[in-house]
1. Run Thr171 past the list (1) over 18 Å from Ala15 (Cα atoms); (2) out of contact with any strand residue (DSSP E or B) (no Cβ under 7 Å at 6 or more places or on another chain); (3) surrounded by 13 or more Cβ atoms within 10 Å (Cβ to Cβ); (4) polar (S, T, N, Q) and report the number of the one that doesn't hold.
2. Is it the case that Phe199 is surrounded by 13 or more Cβ atoms within 10 Å (Cβ to Cβ), modelled with pLDDT of 95 or more and over 16 Å from Val135 (Cβ atoms)?
3. Which ones in region 1-31 are touching a strand residue (DSSP E or B) at 6+ places or on another chain (Cβ under 9 Å) and among the polar types (S, T, N, Q)?
4. State which residue is farthest from Lys197 (Cα to Cα) when the search covers only region 94-142 and only residues that are assigned to a loop (DSSP other than H, G, I, E, B) and without any contact (Cβ under 8 Å) to a residue 12 or more places away in the chain.
5. Of the conditions (1) crowded, with 19+ Cβ neighbours inside 10 Å; (2) of a type in the set (Gly, Ala, Ser); (3) part of a loop (DSSP other than H, G, I, E, B), Ala216 clears all except one; give me its number.
6. Would you point out which residue out of Val207, Val157 is out of contact with any Asp or Glu (no Cβ under 9 Å at 6 or more places or on another chain), surrounded by fewer than 17 Cβ atoms within 10 Å (Cβ to Cβ) and over 23 Å from Ala15 (Cα atoms)?
7. Suppose we filter region 160-211 for residues that are touching a helix residue (DSSP H, G or I) at 6+ places or on another chain (Cβ under 6 Å), assigned to a strand (DSSP E or B) and under 23 Å from Gly228 (Cβ atoms); how many remain?
8. Just checking, which of Arg139, Arg191 is under 22 Å from Gly70 (Cβ atoms), out of contact with any Pro (no Cβ under 6 Å at 6 or more places or on another chain), basic (Lys, Arg) and exposed (fewer than 14 other Cβ atoms within 10 Å of the Cβ)?
Amino acid sequence: MSKGQTEALVQEQIAYCRARAGEYDEWFLRQGRYDRGPELNRQWFEEVVEVEAALAAFAPTGRVLELAGGTGLWTQRLLPFAEEVTVVDASAEALALSRVRLGEAPIRFVEANVFDWHPEGAYDAVFFSFWLSHVPPERFEAFWQLVRSCLAPQGRVFFLDSLYEPASTATDHWLADPGASTTKRRLNDGREFEIIKVFYPPERLAVRLAMLGWRATVRATTRFFLYGAVSKNNYVNT
């Protein structure tokens with residue numbers, strides 16, 4: 001894919017995130033088109049609890065940076081640990097919803113395209129949820145260079161994302177082949193967008209990060225999620 005094609009996809013993905021902001025929570029809460037019935041919904045939320053427990057064990061303390069923070073669903077899970085939180089997201093609409101959700105919490109919101117943004121200081125922890133899969137493959141290394149530039153000397157990273165599972169998306173979505181890097185997404189009003197969506201097998205992702213100089217522990221829940229704790233040295237709390 002050419003540089004111009006990648007940038008066009010990134011811009012379409014941003015447009016999708018902005019248009020989808022008001023219905024994003026339906027996906028996470030298993031509502032509307034994302035309701036897969038009692039049994040699958042139960043398993044989804046049980047696996048969310050598993051990831052929450054892993055995040056609590058990781059304990060993202062100190063100055064915390066959240067990339068692509070969206071509507072604040074996971075920002076609220078960072079607050080019990082962090083001394084201060086900075087959230088970066090390209091969607092003004094999502095950030096507005098996050099401000100409402102988080103109320104008077106001491107959070108700095110930054111409206112910016114993650115790929116164009118540069119940190120103003122060092123952070124003790126960097127967190128991102130359901131974002132790595134939206135990084136174009138050709139920008140994977142550059143993205144992790146950005147993450148490295150955000151970290152204090154003993155800084156750590158925690159992330160979570162989706163496993164390849166057709167039941168995780170809307171009932172009217174077609175999940176692309178697991179080897180694909182893009183997919184189509186439809187909003188409630190029928191509008192369609194092409195976005196980046198890369199599914200990573202946990203073992204391969206850990207190896208790829210190791211090749212970039214990271215120490216990574218990447219795990220998977222039974223069906224829906226992968227999550228990882230990463231550091232640029234030997235300081236990883238899992």
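1. Tallying (1) over 18 Å from Ala15 (Cα atoms); (2) out of contact with any strand residue (DSSP E or B) (no Cβ under 7 Å at 6 or more places or on another chain); (3) surrounded by 13 or more Cβ atoms within 10 Å (Cβ to Cβ); (4) polar (S, T, N, Q), Thr171 fails exactly one: (3).
2. Taking the combined requirement at face value, the residue does not satisfy it.
3. Correct list: Thr6, Gln13.
4. Glu104
5. With respect to (1) crowded, with 19+ Cβ neighbours inside 10 Å; (2) of a type in the set (Gly, Ala, Ser); (3) part of a loop (DSSP other than H, G, I, E, B), Ala216 is out only on (3).
6. Val207
7. Selection size over region 160-211: 5.
8. Step by step, each of Arg139, Arg191 is checked, and only Arg191 is under 22 Å from Gly70 (Cβ atoms), out of contact with any Pro (no Cβ under 6 Å at 6 or more places or on another chain), basic (Lys, Arg) and exposed (fewer than 14 other Cβ atoms within 10 Å of the Cβ).
The values are calculated or read from the model by the stated rules, or taken from the named source; none is laboratory data. Every value quoted in this text rests on a predicted model; they were computed, and no experiment measured them. All Cβ positions, even for glycine, are placed from backbone atoms using ideal geometry, and neighbour counts span all protein chains on display.
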